[in-house]
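The values are calculated or read from the model by the stated rules, or taken from the named source; none is laboratory data. Keep in mind it's a predicted model, so treat the numbers as computed, not measured. Here the Cβ is made from the backbone with ideal geometry for all residues, glycine too, and neighbour counts use every protein chain on show.
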Amino acid sequence: MPTLGPMEWILILLVLVLLFGAKKLPDTAKALGQSLRMFKKETSKLSDEEADDAVRAKTEPAAAAQLPPAGPSVEERLRTLEEENRRLKESQAPVSAQAQNERNPG
């Protein structure tokens, strides 16, 4: 990629002065500088956090390996739900038969 020579820089500055005016250029440059400072600060925070996470991961591998006890497996939960469903159906069967007898006596 070719570099910009002195004539190109002068032309760019002239276009900027024509676009923004001489009064707004210092304010625009100040805002650009503040934006760049904030960007650098945030990126350095991110890299610091990543380094801290890496150090923490190296120093505490045992804590990460100890997982809380897992709940019942999917098969066990399914079996439990099927048993509960069967019990509910059995408990409702006499009630529905009784209701049917009340509607149709004889």
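For the reader, a short list of remarks on this structure follows.
- Scanning region 1-18 for residues that are in a helix (DSSP H, G or I) and surrounded by fewer than 10 Cβ atoms within 10 Å (Cβ to Cβ), we see that the one that is modelled with the highest pLDDT is Met7.
- Restricting region 62-81 to residues that are loosely packed, with under 10 Cβ neighbours inside 10 Å and part of a helix (DSSP H, G or I) leaves a set whose member that is modelled with the lowest pLDDT is Ala64.
- Any hit, region 19-31, residues being assigned to a helix (DSSP H, G or I), within 31 Å of the chain's Cα centre (by Cα) and either hydrophobic (A, V, I, L, M, F, W, C) or modelled with pLDDT of 90 or more (or both): yes
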